[in-house]
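Novice: Take this structure, written in structure tokens, and hold onto it; I'll ask about it next.
The values are calculated or read from the model by the stated rules, or taken from the named source; none is laboratory data. These numbers come from a predicted model, not from an experiment. For neighbour counting, all protein chains shown are included, and Cβ atoms are generated from backbone atoms with ideal geometry for every residue, glycine included.
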Amino acid sequence: MTARKIYLDNSASTRVDDEVVQAMLPYFSEHYGNGSSTHQFGQHAKQAIEDARQQVALLLNAAPAEITFLSGGTESDNLAIKGIAAAYTERTQRKGHLITSQFEHPAVLTTCGVLEKEGWRVTYLPVYQAGLVRTEDVQAALTDDTALISIMHANNEIGTIQPLQEIAALIQTRREAGQKHLYLHTDAVQSVGKIPVDVKTLGVDLLTFTAHKLHGPKGIGALFVRKGVRLVSQMHGGHHERDRRAGTESVPLIAGLGKTAELARLHLTERAEHTRRLRDALETGLFDRLSGLSRNGDEHQRVPHIANLNFEHVEGEGLQISLDLKGVAVSTGSACSSGSQEPSHVLMALGLPRDNSYGSLRFSFSKDNTQEDVDYVLEILPAVVEKLRKLSPRLKLQATGR
Ligand SMILES: Cc1ncc(COP(=O)(O)O)c(C=O)c1O
């Protein structure tokens, strides 16, 4: 074991900023009122919630009334997809059609699967070797009863950025031709705070994000719902969050999310440049030092903080454990699927052979990483890879000519 601790798994979760912690603390102890109460304690809490809503709206270029707070990315994806589907069924008395991609996060894929069991038709678009949805495939999949297209903004394992603006333009054309209730949802959990995310420029109707991927607390996120879009609430109870999400608001977490959004907006460019510099230094250094290395997904159309690399003839899980023993935290798949024996559904969707999917690692950076972190990984990783390759049964077979 080693005292060294290098965290390169920031796409799984990030360290909460000290300023964010400070912003939350008073709402645990001093201002503990319920945001729905009319007395001063309640009004203080209410004010904190509305201040945070303003900050999130500013980050996304939305209106505060378009932001709903809920427990995170998973709930936000669920509400967007099920809420739009239920509104469609209420309007038409029918089940319709959904379009998504093969490499969405399980929060989207599983939700679509549930609706499929209930009678919805779902098209899962291919993403090809580059890890990019093609607009012509969206166009070909659209039908008169398509209610929702849900395509992630940036993929959580390989970081590729999807052509949302082009998809939004397709939707606009269909709306003008009379298909008024066709909407675009995006899971932007891995892009908000990493690249500019402007709901108007992207042309999305619904957008999901969560605080813990950008130095905020776990258990809090938001759903942007463009003004005029109706969805049916999936949580029943009091009249919180404009009847979109019942349940007493978690004021400390919401205050934390507000501060997280403010810091993400103010430091967006510098954080993006910092992570890009480190990510590129790692990639360049590894390509210089190792053979049998390739990048998963498009090199250019991707967020600046993720590198997903394939190490030929190495088992990713073994590599990850060896790095962990040397104090370096990375991941083989997404946090939700790591530990599973199945290869990553994202890498399989790229059409990689099963072996390559097993031999891949995701390195994900944040503002807290340093050049020293990269230097250390470059110092130790090549030797670890070579050692594991020597143990590889496949290479042994090749060496003995079998
Ligand atoms: C793309 C994506 N969507 C959704 C989620 C789920 O977010 P949360 O952990 O807040 O439920 C994650 C987190 O891993 C993610 O990466």
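Novice: Being polar (S, T, N, Q) and at pLDDT below 95 is the requirement here; does residue 334 meet it? Before the answer, list the steps.
Specialist: Details: polar (S, T, N, Q): yes; at pLDDT below 95: yes.
The answer is yes for residue 334.
Novice: Could I ask something else about it? Restricting to the range 86-107, name every residue that is within 16 Å of the ligand (Cβ to nearest atom) and among the hydrophobic types (A, V, I, L, M, F, W, C). Explain how you work it out, then say what you get.
Specialist: We begin by selecting, within the range 86-107, every residue within 16 Å of the ligand (Cβ to nearest atom); these are 100-107.
Matches in the range 86-107: 103, 107.
Novice: With (1) in contact with a Pro (Cβ under 8 Å, 6 or more places away or on another chain); (2) more than 30 Å from residue 360 (Cα to Cα) as the list, and residue 275 as the residue in question, which single condition is left unmet?
Specialist: Here residue 275 meets the rest and fails (2).
Novice: Yes or no: residue 215 under 23 Å from the mean Cα position of the chain (by Cα), farther than 16 Å from residue 150 by Cβ and more than 10 Å from the ligand (Cβ to nearest atom)? Show your work before the answer.
Specialist: Numbers: under 23 Å from the mean Cα position of the chain (by Cα): yes; farther than 16 Å from residue 150 by Cβ: yes; more than 10 Å from the ligand (Cβ to nearest atom): yes.
When the stated conditions are applied, residue 215 passes them.
Novice: Restricting to the range 142-197, give me the number of residues that are within 11 Å of the ligand (Cβ to nearest atom) and within 20 Å of residue 299 (Cβ to Cβ).
Specialist: Count: 9.
Novice: Scanning the range 66-85 for residues that are aliphatic (A, V, I, L, M) and more than 16 Å from the ligand (Cβ to nearest atom), which turns out nearest to residue 191 (Cα to Cα)?
Specialist: In the first step, residues of the range 66-85 are kept if they are aliphatic (A, V, I, L, M); the result is 67, 70, 79-81, 84-85.
Next, only the ones that are more than 16 Å from the ligand (Cβ to nearest atom) stay: 84-85.
Details: 84: 23, 85: 25 Å.
Here the residue is 84.
Novice: Looking at (1) more than 16 Å from the ligand (Cβ to nearest atom); (2) within 23 Å of residue 365 (Cα to Cα); (3) of a type in the set (Gly, Ala, Ser), which one does residue 203 not meet, given that it meets all the others?
Specialist: Among (1) more than 16 Å from the ligand (Cβ to nearest atom); (2) within 23 Å of residue 365 (Cα to Cα); (3) of a type in the set (Gly, Ala, Ser), the lone unmet condition for residue 203 is (2).
Novice: Further, regarding this structure: Any residue in the range 194-219 that's in the same structural domain as residue 72 (by TED's automatic domain parsing) and farther than 23 Å from residue 82 by Cα: show its pairings with residues that are more than 10 Å from the ligand (Cβ to nearest atom) and in a strand (DSSP E or B) at Cβ separation under 8 Å, as long as the two are six or more apart or on different chains.
Specialist: Note: pairs meeting the criteria are 195/161; 197/207; 213/192; 214/192.
Novice: Limited to the range 201-225, what total is found for residues that are among the basic types (Lys, Arg) and touching a Lys or Arg at 6+ places or on another chain (Cβ under 9 Å)?
Specialist: Just the residues of the range 201-225 that are among the basic types (Lys, Arg), to begin with: 213, 218.
Okay, now just the ones that are also touching a Lys or Arg at 6+ places or on another chain (Cβ under 9 Å), so 213.
Qualifying residue count, the range 201-225: 1.
Novice: Still on this structure: Quick one: count up the residues across the range 353-366 that are buried (at least 21 other Cβ atoms within 10 Å of the Cβ) and of a type outside the set (Ser, Thr, Tyr).
Specialist: Of the residues in that region, 5 qualify.
Novice: Given 45, 57, 63, which one is free of Cβ contacts under 8 Å to residues at least 12 places away in the same chain, more than 16 Å from the ligand (Cβ to nearest atom) and in contact with a helix residue (DSSP H, G or I) (Cβ under 7 Å, 6 or more places away or on another chain)? Reasoning before the result, please.
Specialist: On the way: 45 fails: free of Cβ contacts under 8 Å to residues at least 12 places away in the same chain; 63 fails: free of Cβ contacts under 8 Å to residues at least 12 places away in the same chain.
The match here is 57.
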